[in-house]
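Written below as structure tokens is the structure these notes are about.
The values are calculated or read from the model by the stated rules, or taken from the named source; none is laboratory data. Just so you know, these numbers come straight off a predicted model, no measurement behind them. Positions of Cβ are backbone-derived with ideal geometry, glycine not excepted, and every protein chain shown enters the neighbour counts. Just so you know, the surface numbers come from the protein's heavy atoms only, side chains and all, with ligands and any DNA or RNA stripped out. Shrake-Rupley method; radii C 1.70, N 1.55, O 1.52, S 1.80 Å.
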Amino acid sequence: MTRDIIPAGLPATGAVDEAFAEVRASFDRFCLAAGIEALGTMMEADVTAACGARHGRDAARRAHRWGRTRGRIGFHGGKIEVERPRVRGVDGREVTIPSWETAAQEDWLGRWAMNLMLINVSTRRFGRAVRLPEGDVPAPPGSGVSKSAASRRFVALSAARLADFMAADLSALDLLVVQIDGLHLGDDLVLVAAIGVDGEGNKHPLALVEGATENAATVQALLDNLVSRGLDPTVPRLFIVDGAKALSKAIRRTFGSAAAIQRCQIHKARNIMERLPKEHHAATRRVLRQAWEFDDAGKAEKLIRNLARRLDQQWPGVAASILEGLDEILTVVRLKLPKELRRSLACTNIAENMMGTIRRVTRNVKRWRDAGMALRWVAAGMIEANKGFRRLKAHKQLSVLRAALQAHHDRMTIKPVAHVTRAA
């Protein structure tokens, strides 16, 4: 009796033909059938390579066919069941099929989950986001599109990316600027992040640490991590901070007393405005704006001191706040940087932009269970923000910053040598 034999690794092509005939009404099913057929062809090729031709007498074969089973592979953000061949070696152990192993990898399913969660698709809506409820590829139990399955994939992939992010080598980065800012996620949970700008104007998320408050110990842990990963503490850099005294203290302890620190002028002005009544806002803001625009640090400082003197009688606390950290507020002016470059480096806008992306990414999080969860989410947000970074507007002027930082470092560290007069 003669009969047609379909190789075990190949699904019937009739299914593909049928799906192709209905492609206009069921394109999903057509793609699925075509993909399964292509995978079956690849698996059969792998089986033939290991076992030789079916019913052959190859003495050099390494394994033999061992029936078929069903397994799951990724499709549309979830999983589907596919029949696959089994192979056992001459020693009786299961032999893996390379094409199946590649197809069964779940990393790209994790990327599906991570991508959708980063654009604020909740885990409850994950299944609907990847499979149409009325579509031709159903999502039965076990298809991997449930909220718990999506959450597990996100946790696994975000944890792996956090580990890679916090261990990345920084020695190859020519960093001229480091911005440090904090993100308060709860009463007892603060994350401090660092972002750098290299000599070409490219921005790089650098590190992230957690703490109960934005104190010197938390910032020191961040700086220690940067140094341990290759950030040379002897290279002159500009550090831009939001104004917390703990930041400046930790920076000078790690990078030396000569470190150039610029306190964010926007944060400074905002803090002053919040302590003054509205009738003083316009005049105070105008004076501060004039001071920021001066090319002469002496004139800028004199203007700010005059402002503090006028406010001292009625608002002595605000006057003291204006003068607090005055040297660090005018660092970019003292370095004699071009005006366009000063505007880019006088504030923590780069870090604030990244924090805005982090807040958008974490918008659906209602409760932070622990610091580990916060680190994973915020690191994912920093990596997401990095995709949209553009070069610094004044990147062509960064060579001026490099020279100014070196001159500042030399001026602050090289002590004058006293001349010795020889006796006649």
Options [x] 120, 68, 38; [y] 89, 42, 35; [z] 72, 44, 31 are given for Cα extents along the principal axes in Å, and the computed one is [x]
Looks like the range 171-414, by Cα gyration tensor root eigenvalues a ≥ b ≥ c and the a/c under 1.5 rounded cutoff (else prolate when a/b is bigger than b/c, oblate otherwise), is oblate
Listed residues Ala160, Ala53, Ala258; largest mean-square fluctuation, Gaussian network over the chain with Cα springs below 10 Å, found at Ala53
In whole percent, the fraction of accessible protein surface over the range 301-398 that belongs to carbon or sulfur atoms, probe radius 1.4 Å, stands at 46
Computed for the chain: size of charge dipole around the Cα centre, +1 on C-beta of each Lys and Arg, -1 on C-beta of each Asp and Glu, debye to nearest 20, value 1040
Net charge (Lys, Arg +1; Asp, Glu -1) of residues whose beta-carbon lies under 14 Å from that of Leu276, Leu276 excluded, is +4
Surpassing 21 Å at the alpha-carbon level, of the pairs Lys245/Lys278; Lys268/Lys299; Lys278/Lys299, are Lys245/Lys278; Lys278/Lys299
Regression test value, accessible area per residue of the chain, probe 1.4 Å, units Å², expected 55
So the angle from the long Cα axis of helix 265-275 to the longest Cα principal axis of the chain, reported in degrees to the nearest 10, equals 70
Restricting to aspartates and glutamates and to Cα separations under 17 Å from Lys336, and discarding same-chain partners fewer than 8 apart, the set is Glu293, Asp295, Asp296, Glu301, Asp327, Glu328, Asp410
Largest fluctuation, His281, His76, His204 only, Gaussian network model of the chain with Cα springs under 10 angstrom, belongs to His281
